[in-house]
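K.L.:
One structure, as structure tokens, below. Some questions next.
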Amino acid sequence: MKTSTPHPLRPAITLFILLGVLLGGLYPLLVTGLAQAFFPHQANGSLIQRQDQPVGSELIGQNFTSPAYFWGRPSATGTFPNNGMASGGSNLGPTNPALKQAAEDRARALQEADPGNKSPIPMDLLTASASGLDPHISPAAAQYQAGRVARARGITVEQVRALIRANSQTPQWGLFGEPRVNVLKLNLALDAAAPLSKVDAAR
């Protein structure tokens, strides 16, 4: 009696379908469900809300240019700063004259915005991060800008410094990373403490 042999492609097709259902359907559903159940804030983009409206994410920097706001870290993401579709660094080496020129231009902009400030400029205000999307600056970079922001807001430097301290984050679990300040959160706290008119904010 002649027995039929299975088609050689049948195991491959069966495995393809099973893995497609498992890894393309069940696994993503499981991971998404667990994330929404236990980490909904992070799973939905770590959005920052103001008056029930999203104003940004804790994970992506924004380009503040008004002297009445703290400025974030420079960004080298193509056509405009903090472009999430073009995340990356400038890829300029330490001996590239363009890197030095970019740092000098940034230093000049900071000095023109605050001519009386003779303090050394923290390095993170002069150099872009590897991602170009860094939402944080160092507490030193925030303190460097405190005088300019205080004058633009019509409040005291100590009030601004108190906001910096209140919005500073320590290394995770006291071990990992560096002290940092989320620029968007700090600027939102600044708006809440010393609101600006729309005209002032656009300057």
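The values are calculated or read from the model by the stated rules, or taken from the named source; none is laboratory data. Source: prediction; values computed, not measured. Using ideal geometry, Cβ is built from the backbone for each residue, glycine included, and neighbour counts are taken over all protein chains shown. Keep in mind that these areas ignore ligands, DNA and RNA; they rest on the heavy atoms of the full protein, side chains included. Shrake-Rupley method; radii C 1.70, N 1.55, O 1.52, S 1.80 Å.
K.L.:
³J(HN,Hα) across the range 136-146 via Karplus (A = 6.51, B = -1.76, C = 1.60, θ = phi - 60°), whole Hz, x for Gly/Pro?
P.N.:
10, 10, 6, x, 5, 5, 5, 4, 4, 8, 4
K.L.:
How long are the semi-axes of the equivalent ellipsoid of the range 73-123, defined as square roots of 5 times the Cα gyration tensor eigenvalues? Whole Å, largest first.
P.N.:
23, 15, 8
K.L.:
Just the number: Rg to Rh for the range 2-65, Cα atoms, Kirkwood Rh, two decimals.
P.N.:
Reported Rg/Rh (Cα atoms, Kirkwood Rh): 1.41.
K.L.:
Quick check: Cα centre of the range 133-168 to Cα centre of the range 1-67, how many Å?
P.N.:
What the calculation gives is 38 Å, centre to centre.
K.L.:
Sticking with this one: Per residue, how much accessible area does the chain have with a 1.4 Å probe, in Å²?
P.N.:
With all protein chains present, the chain gives 65 Å² per residue.
K.L.:
Please compute the net charge surrounding residue 126, taking Lys and Arg as +1 and Asp and Glu as -1 over other residues with Cβ under 15 Å from its Cβ. Intermediate results must be reported in sequence, preceding the final value.
P.N.:
Working: positive: 73, 100, 106, 108; negative: 104, 105, 112, 114, 124, 134.
Every neighbour counted, the sum reads -2.
K.L.:
Compute for the range 98-203: radius of gyration divided by Kirkwood radius, i.e. Rg/Rh, restricted to C-alpha atoms, rounded to two decimals.
P.N.:
Dividing the radius of gyration by the Kirkwood radius yields 0.97.
K.L.:
Around residue 48, which amide H atoms from residues at least 5 apart in sequence, or from another chain, sit under 5 Å from its own amide H, with H modelled in the peptide plane?
P.N.:
55, 56, 57, 58
K.L.:
Among 157, 139, 93, which residue has its Cα furthest toward the positive end of the charge dipole of the range 93-163, with +1 on Lys/Arg Cβ and -1 on Asp/Glu Cβ?
P.N.:
157
K.L.:
Bins of 5 Å, beginning at zero and ending with the bin holding the largest distance: percent of Cα pairs per bin for the chain, please.
P.N.:
Percent of Cα pairs in each bin: 1, 6, 11, 14, 15, 13, 9, 6, 5, 4, 3, 3, 2, 2, 1, 1, 1, 0, 0, 0.
K.L.:
Could you tell me what percent of the accessible area of the chain is made up of carbon and sulfur, with a 1.4 Å probe and every protein chain present?
P.N.:
Carbon and sulfur together cover 63 percent of it.
K.L.:
Still on this model: Using each residue's phi in the range 183-191, evaluate 6.51 cos²θ - 1.76 cosθ + 1.60 at θ = phi - 60° and report the 3J(HN,Hα) Karplus result to the nearest Hz, with x for Gly and Pro.
P.N.:
5, 5, 4, 5, 5, 5, 5, 5, 4
K.L.:
Given just the C-alpha atoms of the range 35-81, how large is their convex hull per residue in cubic angstrom? Could you put the intermediate results ahead of the total?
P.N.:
Numbers: hull volume 5.4 nm³, N = 47.
Cα-based convex hull of the range 35-81, divided per residue, equals 115 Å³.
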